[in-house]
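Since the structure comes first, as structure tokens, the remarks are kept for the end.
The values are calculated or read from the model by the stated rules, or taken from the named source; none is laboratory data. Values in this document were obtained by computation on a predicted structure and should not be read as measured data. A quick note on method: Cβ atoms are made from the backbone with ideal geometry, for glycine too, and the neighbour counts reach across all protein chains shown. These accessible areas exclude ligands, DNA and RNA; they are computed on the full protein's heavy atoms, side chains included. Shrake-Rupley method; radii C 1.70, N 1.55, O 1.52, S 1.80 Å.
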Amino acid sequence: MKTSFVSNLAIQNAMRLTIQQQQAEMLDLQKALTTGRHADVGVTLGASTSRSLNLQRELARMNALTSTNSIVNQRLSASQEALETMASAAQKVRDTLMTFKGNDSADKLAIQKTEIDSALSLFTAAANTSFNGEFLFSGINSDVKPLADYNSAATSAAKTAFNTALSAYMAAQVPPLTAMDQFSVTQMQGFITTVVEPMYTGAQWDADWSDASNQNMTSRISTSEIIESSTNVNTTGVRMFALASIIASELMDKGVTSEVRSAIGEAALVYVEQGITGIDAERSALGVAEARVKKANDSLAAQIKLVTTHVGDIEGIDEEAISTRINLLKTQLETSYTLTSRIQQLSLLNFL
């Protein structure tokens, strides 16, 4: 009969391998217990892994939409605040025109001009509001300041264009007009409607006033919805406010007759009312966009909750079973450590 032996080294190596495997398993179990999902989903789920990955991608996409919707909401809110300021400026011009209606006193006309210029400056500052480094009212040209300052230190293009148009119109009359007090009501109405108004409703607006794009920014707020999430200064409301402010500021204190001044004031009131209506329409449109974002967020929250629950059902762990397994592994490791220590103490020297 033949006998064989097993060396202490072989036993130690076998125990060491067992310990390593138990330690690796314990790390995986502890990770699963911490995260609430299997440490290696692919190994655990097998063929069902693709389903889990698809749900995870869908969850990530919905979370990304929620995050971008937060930015869209902030931009819309900032736009609404700016539009509120612009509407207040327009109402100030209307109130000023109504307050000083029929007044021909030079002092009162000077006050009126100051009030209107102040409102125009406030309106321009609000229209040039920026958020996160982007101008809110530039449309897709968000890196460009949208509205020129009419009363800037350096003579603006719009002011130069107005003065040139006024001089050309006066020279073209028969006989030519050499002073503002020579304007008749008909001539002034013709100047406003046939010369100045087209400068604000046509292409010259882009040359003198606006660097904004007519195309507004769009944002995807859900898997199926895309909204316009901004506005621009090329809208009717902004143009009409600017037109009302300029004809009132530039013409009413220029020595015209009382009748002509009254006609200018009436025209300015009509234009500023159109401006207020247009600005309010933009506020309403952005308000609708805000409501759609909120509705989309509510829908996304419900979907995220549903998908998260489904993912949990697929990838979820039995915490009680894992805790029991961890305790068992701890006991086995302690036993393995004890056995390894005793094996290492075996030596022939102890029996000699």
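A few points about this structure:
- When the C-alpha to C-alpha distance is required to be over 26 Å, the pairs from LYS92/LYS294; LYS101/LYS254; LYS113/LYS159; LYS159/LYS254; LYS101/LYS145 that qualify are LYS92/LYS294; LYS101/LYS145.
- Calculated on alpha-carbon atoms, Rg and Dmax of the range 249-302 in Å: 21.1, 67
- Solvent-accessible surface of the range 93-247, taken per residue with a 1.4 Å probe and all protein chains present: 45 Å².
- Local net charge near GLY139, Cβ-Cβ under 14 Å (Lys/Arg +1, Asp/Glu -1): -4
- Under the Karplus curve 6.51 cos²θ - 1.76 cosθ + 1.60, θ = phi - 60°, whole-Hz ³J(HN,Hα) for the range 97-102, x wherever Gly or Pro sits: 4, 5, 5, 9, 4, x
- Gyration tensor analysis over the Cα atoms of the range 157-311 returns equivalent ellipsoid semi-axes of 49, 15, 9 Å (largest first, whole Å).
- Charge sum, other residues only, whose C-beta stays under 11 Å from MET86's C-beta, Lys/Arg counted +1 and Asp/Glu -1: -2
- Principal axis dimensions, largest first and in whole angstrom, of the range 122-181 by Cα: 56, 21, 17
- Taking amide H atoms as placed 1.01 Å from N in the peptide plane, the amide H of ASN141 lies under 5 Å from those of SER213, each 5 or more residues away in sequence or on another chain.
- Separation between Cα centres of the range 133-204 and the range 238-303, rounded to whole Å: 18
- Accessible surface ranking that places the most exposed of ARG51, ARG283 first, with a 1.4 angstrom probe: ARG51, ARG283
- The range 101-218 - percent of accessible surface contributed by carbon and sulfur, probe 1.4 Å: 54
- Summarising the amide proton neighbourhood of PHE131: residues at separation of 5 or more, or on other chains, whose placed amide H is nearer than 5 Å comprise LEU136.
- By definition, a body whose alpha carbon gyration tensor gives a ≥ b ≥ c is prolate when a/c is 1.5 or more and a/b is larger than b/c, and the range 82-225 fits this prolate description.
- Charge tally around GLU197: other residues with Cβ under 15 Å, Lys/Arg +1 each, Asp/Glu -1 each, net -3.
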